[in-house]
Amino acid sequence: MLDIRKPIAWLHIVLGIMLAAYGYTGGAADLRPVGIMPVNVNVVWGIVMFLFGVIMLSIVTLAEVQAKIDSEKSLTETSGES
Amino acid sequence: MDTAPSTSAAAIDYAVIAVYFIFVLGIGFKLKKNMKTSDDFLLAGHRIPAWVTGLAFLSANLGAIEVMGMAANAAQYGIMTAHFYWLGAIPAMVFLAVFMMPFYYKSKIRSVPEYLRRRFNEPTRALNAISFAVMTVLMSGINLYAMAIVFQFILGWPIDLSIWLAALVVLAYTITGGLTSSIYNEVLQFFLIIFGLLPISIMGLAKFDGWDKMKAALPNPAFAHLWQNTISGANPMGCDLIALFAGLGFVLSFGYWCTDFLVVQRALAAKDLHAARMTPIIAAFPKILFPILTVLPGLVAVIVIPQLGSNNQGLSFNMAIPLLMGAMYPHGLFGLGLTALLASFMSGMAGNVTAFNTVWTFDIYQSYIAKNKSDAHYLWMGRLATGVGILISVMAAYLVSSFPSIMDYMQLIFSFFNAPLFATFLLGMFFARTTAWGAFWGLTLGIVAAIVHYVMTVNGQVHYASVMAGNFHRSVVAWTICFVATVAISFITKPKPKHELTGLVWGMEMEEKGEANNQDHNPCPAVDSYLIERPLKFYQKPGFVGIVLIVVTTYLNLLFR
């Protein structure tokens, strides 16, 4: 069955890149909110989302690799016994 | 540069929304091939890990009422709104995990009404199944309507287009992937809601240079206190200690979190007993922090938008969060904020629809209309019920649009049905002498008492400081009447024989291995292993984590007293 962590990771990576790129290329000509934050909010938040996505993706990839190792191990164990 | 609230979206905003839709629909279609039986479709086939069901548990009621309603409440009543979390949710979630979930999960029921049938009788189940089915589609309609007014106001979309478009997307992913798809999407939506709403709170705090200065800027100093003047009831919410503790903290919150099938269903989908018990516990941690996403923006809104709450619909309290997004977010982030709102409405609606189709298919259709059909037939009926449920939600959305206040209407429904139901469950699970007819008539009298109390409030025979206080007191009345009547009638009617109550009542648990298997005539002992809790370290036990949660919640109550 589908591991939901994968789509969550990819959605945040894609949205993060979109936001950061839009903010960086000056697409945010109207830099709201004026005077609240001295930063380009789109770039900062885009990077935060991108990083969240990458962390999620590494967790799920590690889990997959671990599962593969485990299943190979149990396979060799059973074939060794028989 | 323009600083006025934006009411238009740029191409980037639409692009963000489009990407979200692609992912949501993709998950539904990807799961379609797993949906082979009615159990897969309606119950998610006991396969889902605890962290997924935990976040879905939370997200399914993170709908329009939670996001827009709680912010609106905060703008209206101040930080006392946090009582809905720290008093009105966490204790009940811990109670569900520690005491009630073992009965729900081990008795292998498919729905909450089914528990009532096994513990009591058919009429009690029918009463609950029908009132629940009506309640869920009404709630789902509220979500649709709330979304439509946001999109009409922010994007200028016609109300009809918004309602039908949202209904179509929810239909597409629930009819393909069923409960699993709904649960998976709820988890995805959970993260999006956080990423879309959190910048409002961060920017709000940054604007005022921290909480202390923001407190000073509030129009009413009492808005910064949770417990000030709660003995006399002379606080912004007009609630005394009875209303807060007995009404909100006990009856309404336990009634919702412990017996509403919409939330219980998420835990029942968990892969084993321990995962099911951990579901509300895992959900409780983010829940403690949610006032940051809902209450705090409401407080920011009441300072930043002084004309909020005027009769103009575009400036109603409900619009607090959308208006702040318009005022604070640049394009791009604005699209993400809209996506978060969209996600919250869709998860709220899908949660209701998937609970509705299960109760309809198993508790009404299979029990009273078409018994003993093939599983494929019930799978087909589950899909049909999904479609019909969404269609009724659309109609309910138009119905809701004719009511002046969504929140009053909804609280009213809750105090009618959920408040007395909790007395029935409490007695059913913890008092073996409770009889079937005691439960049925107690529940009926509780509902009638709530209706009579409501009519008396409307006619002015009973008076409360606020609508909210009236709701809290009404639920205490309904609960007490149901409790007393159930006990009284139970003593004059015949109880069920003991062996029929095994596994359904506290102190009458089934023998861990033997009986659970014999009951199903299942020769393979391994099948039921998911019903047995493996030995746990102390920090893995729901009871221990529950105590940690209660301590943290108490601390927060003292911090903002």
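Checking each residue in region A:1-18 for being aliphatic (A, V, I, L, M), farther than 19 Å from A:Asn40 by Cβ and facing chain B (nearest Cβ under 8 Å) picks out A:Met1, A:Leu2, A:Ile4, A:Ile8, A:Leu11, A:Val14. For B:Trp380, state whether it is in contact with a helix residue (DSSP H, G or I) (Cβ under 9 Å, 6 or more places away or on another chain), part of a helix (DSSP H, G or I) and surrounded by 20 or more Cβ atoms within 10 Å (Cβ to Cβ). Criteria not met by B:Trp380.
Residues in region B:273-296: is at least one polar (S, T, N, Q) and farther than 30 Å from B:Leu342 by Cα? Checked region B:273-296: no residue is polar (S, T, N, Q) and farther than 30 Å from B:Leu342 by Cα. Note on region A:62-77: residues that are within 18 Å of A:Ala9 (Cβ to Cβ) and of a type in the set (Asp, Glu) amount to 1. Contact annotation: residue pairs with Cβ atoms under 6 Å, 6 or more positions apart or on different chains, pairing a residue in region B:26-48 that is more than 9 Å from every other protein chain (Cβ to nearest Cβ) with a partner that is surrounded by fewer than 23 Cβ atoms within 10 Å (Cβ to Cβ) and hydroxyl-bearing (Ser, Thr, Tyr), are B:Gly28/B:Thr176; B:Phe29/B:Thr176; B:Lys32/B:Thr176; B:Ser38/B:Tyr378. The residue pairs whose first member lies in region B:330-356 and is closer than 13 Å to B:Ile183 by Cβ, whose second member is modelled with pLDDT of 85 or more and among the acidic types (Asp, Glu), and whose beta carbons are closer than 8 Å, counting only pairs six or more residues apart or on different chains, are B:Ser347/B:Glu186; B:Ala350/B:Glu186; B:Gly351/B:Glu186. The listed residues are B:Leu342, B:Leu293, B:Leu299, and the only one of them that is within 14 Å of chain A (Cβ to nearest Cβ), at negative phi and either assigned to a helix (DSSP H, G or I) or touching a Lys or Arg at 6+ places or on another chain (Cβ under 9 Å) (or both) turns out to be B:Leu342. In the list B:Pro113, B:Pro102, which residue meets the criterion of being crowded, with 24+ Cβ neighbours inside 10 Å and more than 14 Å from chain A (Cβ to nearest Cβ)? From the options B:Pro113, B:Pro102, the qualifying one is B:Pro113. The set of residues in region B:459-513 being of a type in the set (S, T, N, Q) and either over 20 Å from B:Phe440 (Cα atoms) or part of a helix (DSSP H, G or I) (or both) consists of B:Asn459, B:Gln461, B:Ser466, B:Asn471, B:Ser475, B:Thr480, B:Thr486, B:Ser490, B:Thr502. When the helices (runs of 4 or more DSSP H) confined to region B:121-228 are screened for residues that are touching a Lys or Arg at 6+ places or on another chain (Cβ under 7 Å), those reaching at least 1 such residues are found at B:122-155, B:159-208. Does B:Ser253 satisfy being within 30 Å of B:Arg125 (Cα to Cα) and touching a Leu at 6+ places or on another chain (Cβ under 8 Å)? Yes.
Would you check if A:Val48 is modelled with pLDDT of 95 or more, surrounded by fewer than 21 Cβ atoms within 10 Å (Cβ to Cβ) and within 30 Å of B:Gly210 (Cβ to Cβ)? Judged against the criteria, A:Val48 is a match. Residues that are of a type in the set (A, V, I, L, M) and surrounded by 20 or more Cβ atoms within 10 Å (Cβ to Cβ) within region B:416-444 comprise B:Ala419, B:Leu421, B:Ala423, B:Leu426, B:Leu427, B:Met429, B:Ala436, B:Ala439, B:Leu443, listed in sequence order.
Conditions tested, residue by residue: (1) within 14 Å of another protein chain (Cβ to nearest Cβ); (2) under 23 Å from the mean Cα position of the chain (by Cα); (3) over 27 Å from B:Gly63 (Cβ atoms).
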site: B:Gly196; (1), (2), (3): yes, yes, no
site: B:Lys207; (1), (2), (3): yes, no, yes
site: B:Ala216; (1), (2), (3): no, no, yes
site: B:Asn220; (1), (2), (3): no, no, yes
site: B:Phe223; (1), (2), (3): no, no, no
site: B:Thr230; (1), (2), (3): no, no, yes
site: B:Met237; (1), (2), (3): no, yes, no
site: B:Phe261; (1), (2), (3): no, yes, no
site: B:Val264; (1), (2), (3): no, yes, no
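Filter region B:192-212 for residues that are small (Gly, Ala, Ser) and touching a residue at least 24 places away in the same chain (Cβ under 8 Å); which is surrounded by the fewest Cβ atoms within 10 Å (Cβ to Cβ)? Restricting to residues being small (Gly, Ala, Ser) and touching a residue at least 24 places away in the same chain (Cβ under 8 Å), the top hit is B:Ser201.
The values are calculated or read from the model by the stated rules, or taken from the named source; none is laboratory data. A quick note: this is a predicted structure, and the numbers were derived from the prediction, not measured. FYI the Cβ positions are ideal-geometry reconstructions off the backbone, even for glycines, and counts take in every protein chain you see.
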